[in-house]
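Novice: Structure incoming, see below.
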Amino acid sequence: MGLENEEDQQKGSNLGKQNHLNAAEKKRLGLDRSITRRDFLKVMMVGAGNLMLSGCSGVNSDLPFDPVSATTPHRLIGGDSADSVAACHNFWWKRLAQKAEDSGEMYDLVIVGAGLGGLTAAFYYHQERPEAKILLLDSHADFGGNAQRNEMTIKGQKIIVTEAGDYQWAISPEYKMVQKLWKDLGIDLSPSSKLAMPAEASQEHLFVNGKWIRDFWETGYYSTSSPWSKKIQDDYDAFFKFLENFKWEPWPKVKKELAEWDKITYKEWMKDLNGWDPQLIGLIDMWVRSSYGAGADTMSAACAFWNFSGSGFVQYKWPGGLSGFARHLVNALIPKALNGQDVIYGEIDCKALDSTENNVRIRLSSSVLEVRHDGDLDSSDHVVIKYLNDDNLYQLKAKSVIMAGGGYMTKHIVKDLPKEQKEAYEKFHYAPYLMVNVWINNSRALDRLNFGYHGWIWEPRIATYISIADGISEEGFDPNRDPERPNCITLWCPPLPDPDLDGDYEEQGKQGRKDMLDKSFEEYETLIRQELLDVFGDAGFDPAEDIEGIAINRWGHAEVICYPGFAFESGNSDAPTPGVPIYDAGQRFGRIAFAHTDLNGFADNQGTTRISHRAVKELLD
């Protein structure tokens, strides 16, 4: 049994089609049932916040239900359209014409963005100068950036899940600085750590042609259940053998190879250089797309090798994903925020975050609109920062600033940014991403399938990848666990392939954002329920009875696209050269340094740590 050709597969995979359901079909899916519904718009990591409550956004009025606000400190946002987001943009910049109230505050360092990059930069600066006054400003109502979390209590059990960043790979030995950071935070990343996921977690299943193929990437692809031909299976073996056997030394030779591969996409490398089957490319594209938002048709082949070669890495995971790392950083910077509670499950004291007693402060719901040197660059002794909080425009000063939000906002916020640097930022393009969390009141269907932690969906309606909050115990599979225990299913929903935009990373990002913002919550909920019925229905999953809550997280600029020439022209994204966008955009400018993850070339926590450390070092040297 075979599959369609590549173009048909790509067209067939885009099943996010219009759903015209009658009343009986809606009832079967549970669309008429009263559950917890949350819709979070994460269009901008810097520059959103309170404005979403100021008429620029609102809950869709045509929904047959009322989404309820979250119990976590996130703002509720109902599916915005592209027009409403554009209106918000215009509104922010018009506010700058108003006179800002001077708070009279002066800090040694202001960090714009309290995501992992900003928090890590604060940690490094605080380590070097513990008496320095540091302020982090962030537009969200929670810290963490892409490493925030959703939570819901079912049957008395609080289930915490990720909004984006899920787990941490074992840190490579050459990243000693990163290893030291985790050690300084008291986080155990040894193979015996409680955070280490059991070996069974590496078993990733694939749903194809109406059934699950177990442990697909290791053994399932050539099992009797596999629909792929012997030719494709042989290409698959050749592909993974190349990745696993790729030698990272001698380094000069590797750099030269990577520099050459940075001239083409990963798809071109597989198709044109190796002649592998289009269906194999479709499988790898699903893998790449789920990890980075953009597909193999846009990712640099060098970037793909940097991220996907090698094998046998240990995965580490907290409940709530990398929000656990963010909480460890906050606990180290502002101990009173958790005041001795469990770092993961404790309630954050929001007032303690911005207490005048702290040397390090975090001010949330604060949308930074302008950063500029006061006077001429050469003579300026401080930077002026303007921000919105509670719909009021404020101004404060800092001796230094680190920009740790997305590059898509940095180029607008830093008003005196040099022309060459701004032009470099224009070469940054982003993939949107939809993250969906579905809380369920039992685990019967998952246990019947012995599902484990995660699986992939070939030709999905919406999600290429799913993960389970409570799929595997610390000891591995446990057949004696209570099948009535509540759980959460996370659906990872990158933009699906569009043959008409193949290779066009800029247009893919724009169109993906528009599609994501145009879709109503009801449309998404319908697709979500249908998807779960497709993949778990035969095991007894009932979307009308089993689902207790749905949270949709719309990330408009989720991940920078590492297209050919963006980061690896020198063969090493850790040491880019002039002319490469991540180099030109990331140079210190007067009293302003840059530490957003985009400057790593792709989303990666190790890279974020390196970029943050570099920014602090530039300011202190």
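The values are calculated or read from the model by the stated rules, or taken from the named source; none is laboratory data. Nothing here was measured: the structure is a model prediction, and the numbers come from that model. Heads up, the Cβs are rebuilt from the backbone with ideal geometry, glycines too, and the neighbour counts pull from every protein chain shown. To get the accessible areas, we keep the full protein, side chains included, count just its heavy atoms, and leave off ligands, DNA and RNA. Shrake-Rupley method; radii C 1.70, N 1.55, O 1.52, S 1.80 Å.
Novice: Taking the residues in the stretch 460-478 that are modelled with pLDDT of 90 or more and open to solvent by 40 Å² or more (accessible area, probe 1.4 Å) as candidates, determine which candidate is nearest to the chain's Cα centre (by Cα).
Specialist: Start the filter on the stretch 460-478 by keeping residues that are modelled with pLDDT of 90 or more, which leaves 460-469.
Those left that are additionally open to solvent by 40 Å² or more (accessible area, probe 1.4 Å): 461, 469.
Values: Arg461: 21, Ala469: 17 Å.
Among them, the one singled out is Ala469.
Novice: Does Pro252 satisfy being open to solvent by 70 Å² or more (accessible area, probe 1.4 Å) and modelled with pLDDT under 95?
Specialist: Working: open to solvent by 70 Å² or more (accessible area, probe 1.4 Å): yes; modelled with pLDDT under 95: yes.
So Pro252 fits the description; yes.
Novice: Taking the stretch 386-396 only, how many residues are in contact with an Asp or Glu (Cβ under 6 Å, 6 or more places away or on another chain) and either outside any strand (DSSP E or B) or open to solvent by less than 10 Å² (accessible area, probe 1.4 Å) (or both)?
Specialist: Of the stretch 386-396, the ones in contact with an Asp or Glu (Cβ under 6 Å, 6 or more places away or on another chain) are 386, 394-396.
The next check asks that each one be either outside any strand (DSSP E or B) or open to solvent by less than 10 Å² (accessible area, probe 1.4 Å) (or both); those that pass are 396.
Of the residues in that region, 1 qualify.
Yes/no matrix, rows are residues, columns are (1) small (Gly, Ala, Ser); (2) in contact (Cβ under 8 Å) with a residue 40 or more places away in the chain:
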residue: Asp142; (1), (2): no, yes
residue: Gly145; (1), (2): yes, yes
residue: Gly156; (1), (2): yes, no
residue: Val161; (1), (2): no, yes
residue: Ala164; (1), (2): yes, yes
residue: Ile171; (1), (2): no, yes
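Novice: If you don't mind, there's one more thing I want to ask. Kindly indicate which of Glu569, Glu559, Glu548 is assigned to a strand (DSSP E or B), closer than 30 Å to Asp604 by Cα and open to solvent by 20 Å² or more (accessible area, probe 1.4 Å). Reasoning before the result, please.
Specialist: On the way: Glu569 fails: assigned to a strand (DSSP E or B); Glu548 fails: closer than 30 Å to Asp604 by Cα.
After ruling out the rest, the residue left standing is Glu559.
Novice: I would also like to ask the following. Evaluate the stretch 333-353: report whether one residue or more is in contact (Cβ under 8 Å) with a residue 40 or more places away in the chain, within 16 Å of Leu185 (Cβ to Cβ) and open to solvent by 10 Å² or more (accessible area, probe 1.4 Å).
Specialist: Going residue by residue through the stretch 333-353, those that are in contact (Cβ under 8 Å) with a residue 40 or more places away in the chain are 333, 344-345, 348, 350, 353.
Next, from what is left, pick out any that are within 16 Å of Leu185 (Cβ to Cβ): 333, 344.
With the extra rule that they be open to solvent by 10 Å² or more (accessible area, probe 1.4 Å), the set shrinks to 333, 344.
Yes.
Novice: Next question. Please determine whether any residue of the stretch 356-372 is open to solvent by less than 10 Å² (accessible area, probe 1.4 Å), in contact (Cβ under 8 Å) with a residue 40 or more places away in the chain and of a type in the set (S, T, N, Q). Full working, then the answer.
Specialist: Let us first name the residues in the stretch 356-372 that are open to solvent by less than 10 Å² (accessible area, probe 1.4 Å), namely 360, 362, 366-369, 371.
Add one more test, that the residue is in contact (Cβ under 8 Å) with a residue 40 or more places away in the chain, and what stays is 360, 362, 366-369, 371.
With the extra rule that they be of a type in the set (S, T, N, Q), the set shrinks to 366-367.
Yes: the stretch 356-372 contains one or more residues that are open to solvent by less than 10 Å² (accessible area, probe 1.4 Å), in contact (Cβ under 8 Å) with a residue 40 or more places away in the chain and of a type in the set (S, T, N, Q).
Novice: Return the residues of the stretch 502-528 that are under 23 Å from the mean Cα position of the chain (by Cα) and either at positive phi or open to solvent by less than 40 Å² (accessible area, probe 1.4 Å) (or both); say none if nothing qualifies.
Specialist: Gly503, Gln508, Gly509, Gly512, Met516, Leu517, Ser520, Phe521, Tyr524, Glu525, Leu527, Ile528
Novice: Being modelled with pLDDT under 95, among the hydrophobic types (A, V, I, L, M, F, W, C) and open to solvent by less than 20 Å² (accessible area, probe 1.4 Å) is the requirement here; does Val383 meet it?
Specialist: Numbers: modelled with pLDDT under 95: no; among the hydrophobic types (A, V, I, L, M, F, W, C): yes; open to solvent by less than 20 Å² (accessible area, probe 1.4 Å): yes.
Taking the combined requirement at face value, the residue does not satisfy it.
Novice: Here's something else I'd like to know. Within 17 Å of the chain's Cα centre (by Cα) and open to solvent by less than 10 Å² (accessible area, probe 1.4 Å): is that true of Ile457 in this structure? Outline the logic, then answer.
Specialist: On the way: within 17 Å of the chain's Cα centre (by Cα): no; open to solvent by less than 10 Å² (accessible area, probe 1.4 Å): yes.
No; evaluated as a whole, the condition is false for this residue.
Novice: Quickly run through the stretch 398-413 and pick out the residues that are within 11 Å of Ala593 (Cβ to Cβ) and within 18 Å of the chain's Cα centre (by Cα). Before you say what the answer is, go through the steps one by one.
Specialist: Start the filter on the stretch 398-413 by keeping residues that are within 11 Å of Ala593 (Cβ to Cβ), which leaves 400-404.
The one that is within 11 Å of Ala593 (Cβ to Cβ) and within 18 Å of the chain's Cα centre (by Cα): Ala404.
Novice: Could you give me the residue pairs with C-beta distances under 7 Å whose first residue belongs to the stretch 117-139 and is under 14 Å from Gly405 (Cβ atoms), whose second residue is assigned to a loop (DSSP other than H, G, I, E, B) and of a type in the set (Phe, Trp, Tyr) wherever it lies, and which are 6+ apart or on separate chains?
Specialist: Leu119/Phe143
Novice: Can you find, within the stretch 248-285, the residue that is nearest to Ile457 (Cα to Cα) among those that are under 29 Å from the mean Cα position of the chain (by Cα) and in a loop (DSSP other than H, G, I, E, B)?
Specialist: So, considering only residues that are under 29 Å from the mean Cα position of the chain (by Cα) and in a loop (DSSP other than H, G, I, E, B), the one nearest to Ile457 (Cα to Cα) is Ile264.
Novice: Could you list, in sequence order, all residues of the stretch 224-247 that are open to solvent by 20 Å² or more (accessible area, probe 1.4 Å) and part of a helix (DSSP H, G or I)?
Specialist: Selection gives Lys230, Lys231, Gln233, Asp234, Asp237, Ala238, Phe240, Lys241, Phe242, Glu244, Asn245.
Novice: Another question about this same structure. How many residues does the stretch 489-500 contain that are open to solvent by less than 30 Å² (accessible area, probe 1.4 Å) and either of a type outside the set (A, V, I, L, M) or more than 20 Å from the chain's Cα centre (by Cα) (or both)?
Specialist: 5
Novice: Here's a follow-up. Here's a check for you: in the stretch 214-247, which residue that is among the hydroxyl-bearing types (Ser, Thr, Tyr) and within 18 Å of Lys271 (Cβ to Cβ) is nearest to the chain's Cα centre (by Cα)? Steps first, please.
Specialist: Initially, the stretch 214-247 is screened for residues among the hydroxyl-bearing types (Ser, Thr, Tyr), giving 219, 221-226, 229, 236.
Next, only the ones that are within 18 Å of Lys271 (Cβ to Cβ) stay: 229, 236.
On the way: Ser229: 35, Tyr236: 28 Å.
Filtering the stretch 214-247 for residues that are among the hydroxyl-bearing types (Ser, Thr, Tyr) and within 18 Å of Lys271 (Cβ to Cβ), the one nearest to the chain's Cα centre (by Cα) comes out as Tyr236.
Novice: OK, next. Would you confirm, using the coordinates I've provided, whether Asp188 is within 21 Å of the chain's Cα centre (by Cα) and of a type outside the set (S, T, N, Q)? Break it down stepwise before answering.
Specialist: Numbers: within 21 Å of the chain's Cα centre (by Cα): no; of a type outside the set (S, T, N, Q): yes.
When the stated conditions are applied, Asp188 does not pass them.
Novice: In addition: Return the residue satisfying two criteria in turn: it lies in the stretch 572-608 and is among the charged types (D, E, K, R) and either modelled with pLDDT under 95 or assigned to a helix (DSSP H, G or I) (or both), and of such residues it is farthest from Arg289 (Cα to Cα).
Specialist: Within the stretch 572-608, the subset among the charged types (D, E, K, R) is 574, 584, 588, 591, 598, 604.
Pick out the ones that are also either modelled with pLDDT under 95 or assigned to a helix (DSSP H, G or I) (or both) and you get 574, 584, 598, 604.
Working: Asp574: 23, Asp584: 27, Asp598: 17, Asp604: 15 Å.
Among those residues, the one meeting the criterion is Asp584.
Novice: All but one of (1) touching a Lys or Arg at 6+ places or on another chain (Cβ under 8 Å); (2) part of a loop (DSSP other than H, G, I, E, B) hold for Lys399, so report the exception by its number.
Specialist: The single condition Lys399 does not satisfy is (2).
Novice: For the stretch 110-207, which strands (runs of 3 or more DSSP E) that fit wholly inside it have 2 or more residues that are surrounded by fewer than 21 Cβ atoms within 10 Å (Cβ to Cβ)?
Specialist: Details: elements: 134-137, 149-154, 157-162.
Passing ranges, in order: 149-154, 157-162.
Novice: Also, I was wondering about something else. Among the helices (runs of 4 or more DSSP H) confined wholly to the stretch 297-355, which include 3 or more residues that are of a type in the set (Phe, Trp, Tyr)? Spell out the reasoning first.
Specialist: Numbers: elements: 301-308, 323-333, 350-353.
It comes to 301-308.
Novice: Within the set of pairs 6 or more residues apart or between chains, which connect a residue that is more than 19 Å from Ile160 (Cβ to Cβ) and without any contact (Cβ under 8 Å) to a residue 24 or more places away in the chain inside the stretch 543-558 to a residue that is open to solvent by 10 Å² or more (accessible area, probe 1.4 Å) and among the aliphatic types (A, V, I, L, M) with Cβ atoms less than 7 Å apart?
Specialist: That search, which allows pairs on different chains as well, returns nothing.
Novice: Another question, then. Filter the stretch 568-621 down to residues that are among the aromatic types (Phe, Trp, Tyr) and closer than 17 Å to His429 by Cβ, then give me how many there are.
Specialist: Keep residues of the stretch 568-621 that are among the aromatic types (Phe, Trp, Tyr), which gives 568, 583, 589, 594, 602.
Still in the running and closer than 17 Å to His429 by Cβ: 568, 583, 602.
Summing the residues that are among the aromatic types (Phe, Trp, Tyr) and closer than 17 Å to His429 by Cβ in the stretch 568-621 gives 3.
Novice: With the requirement that a residue be part of a strand (DSSP E or B) and either within 30 Å of Tyr563 (Cβ to Cβ) or within 18 Å of the chain's Cα centre (by Cα) (or both), what does the stretch 415-449 give you? Break it down stepwise before answering.
Specialist: Taking the stretch 415-449 first, the residues part of a strand (DSSP E or B) are 430-440.
If the condition is that a residue be part of a strand (DSSP E or B) and either within 30 Å of Tyr563 (Cβ to Cβ) or within 18 Å of the chain's Cα centre (by Cα) (or both), then Tyr430, Ala431, Pro432, Tyr433, Leu434, Met435, Val436, Asn437, Val438 are the ones that fit.
Novice: Do we find a residue being under 16 Å from Cys562 (Cβ atoms), modelled with pLDDT of 95 or more, of a type in the set (A, V, I, L, M, F, W, C) and open to solvent by less than 20 Å² (accessible area, probe 1.4 Å) anywhere in the stretch 263-275? Outline the logic, then answer.
Specialist: Applying the first criterion (under 16 Å from Cys562 (Cβ atoms)) to the stretch 263-275 yields 263-269.
Then keep just the ones that are modelled with pLDDT of 95 or more; that gives 263-269.
Checking the rest, the ones that are also of a type in the set (A, V, I, L, M, F, W, C) come to 264, 269.
Subset that is open to solvent by less than 20 Å² (accessible area, probe 1.4 Å): 269.
Yes: one or more hits.
Novice: Taking the stretch 568-598, which residues are in contact with a strand residue (DSSP E or B) (Cβ under 9 Å, 6 or more places away or on another chain) and among the hydrophobic types (A, V, I, L, M, F, W, C)?
Specialist: Step one: of the stretch 568-598, the residues in contact with a strand residue (DSSP E or B) (Cβ under 9 Å, 6 or more places away or on another chain) are 568, 582, 585-598.
Within the stretch 568-598, Phe568, Ile582, Ala585, Phe589, Ile592, Ala593, Phe594, Ala595 qualify.
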